1. Of the residues G78, G143, which single one is near the ligand (Cβ under 10 Å from one of its atoms) and open to solvent by 20 Å² or more (accessible area, probe 1.4 Å)?
2. Can you pull out every residue in segment 92-110 that is touching a residue at least 40 places away in the same chain (Cβ under 8 Å) and more than 7 Å from the ligand (Cβ to nearest atom)?
3. Looking at (1) more than 10 Å from the ligand (Cβ to nearest atom); (2) at pLDDT below 95; (3) outside the structural domain of A15 (by TED's automatic domain parsing), find the lone condition where L137 falls short.
4. L124 fails exactly one of the following numbered conditions: (1) surrounded by fewer than 18 Cβ atoms within 10 Å (Cβ to Cβ); (2) more than 9 Å from the ligand (Cβ to nearest atom); (3) closer than 25 Å to E80 by Cα. What is the number of that condition?
5. Looking at P113, is it of a type outside the set (A, V, I, L, M, F, W, C), near the ligand (Cβ under 7 Å from one of its atoms) and open to solvent by 50 Å² or more (accessible area, probe 1.4 Å)?
6. Considering (1) closer than 30 Å to F11 by Cβ; (2) open to solvent by 40 Å² or more (accessible area, probe 1.4 Å); (3) modelled with pLDDT of 95 or more; (4) not basic (K, R), say which one N70 fails and leave the rest.
7. From the residues in segment 91-108 that are β-branched (V, I, T) and closer than 15 Å to L144 by Cβ, which one is surrounded by the most Cβ atoms within 10 Å (Cβ to Cβ)?
Amino acid sequence: MVATAALIIAFVVVAGAVVLVAMSGGPGKAREKLLHRQSNSANRGSGLAITIVIALFGIAIPAVAMVGNNDKKEAKGGVELTSAQKNGREVFAQLCSTCHSLSASNAVGRVGPNLDQLRPPKELTLNAIQMGRARGLGQMPSGLVDGEDAEDVADYIAAVAGR
Ligand code: HEC
């Protein structure tokens, strides 16, 4: 958040400086230049500066916002994630989202059950990961992930499912 604010302030300062320069070189000097010689190159210069500022606002700020989003602690529904659950969110994105729907991860997989509806407790998810599932809906391979990552993803799902 602090970094984002600092960047935005920096852009505002840059934009303000460009406007000031454009204005100070503006009416008076522009008229002078027009009387003496063509000021095309000067116009082109400030046009370029304005284009750069617009590009910064248009690209840099959304980029920063997106990066910030990936890192944000809060999941959908105002759930504060622990760092373990944040790791679980990454595991989920890599290994589970292709088959399962979970709105907190923007996952829309339709092979397995919708986890927002199922809202599996941690133990059920861990069991599904360990044993796999093949009861007719389709197949979930066993052992997609183990150890700490398995704990984290089960924890994450239990925290956010149905939100
Ligand atoms: C290849 C597709 C696929 C992937 C990848 C996958 N699943 Fe599944 N999952 C399924 C299917 C299909 C079922 C339902 C199986 C059944 O009913 O027999 C299922 C069932 C489940 C269940 C419910 C178990 C129960 O007993 O009701 C949970 C929880 C679950 N998966 C979690 C996960 C997690 C966590 C991951 C990632 C580590 C994951 N799944 C990855 C296909 C998948």
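The values are calculated or read from the model by the stated rules, or taken from the named source; none is laboratory data. On a predicted model such as this, the values are computed, not experimentally measured, just so you know. Note: ideal-geometry Cβ built from the backbone for every residue, glycine included; neighbour counts use all protein chains shown. Areas reflect the complete protein model, heavy atoms only, side chains present, ligands, DNA and RNA absent. Shrake-Rupley method; radii C 1.70, N 1.55, O 1.52, S 1.80 Å.
1. G143
2. The answer is L102, S103, A104, S105.
3. If we test L137 against (1) more than 10 Å from the ligand (Cβ to nearest atom); (2) at pLDDT below 95; (3) outside the structural domain of A15 (by TED's automatic domain parsing), just (1) comes out false.
4. Of everything listed in (1) surrounded by fewer than 18 Cβ atoms within 10 Å (Cβ to Cβ); (2) more than 9 Å from the ligand (Cβ to nearest atom); (3) closer than 25 Å to E80 by Cα, L124 misses just condition (2).
5. Taking the combined requirement at face value, the residue satisfies it.
6. The number of the failed condition is (3).
7. For segment 91-108, the residue satisfying everything is V91.
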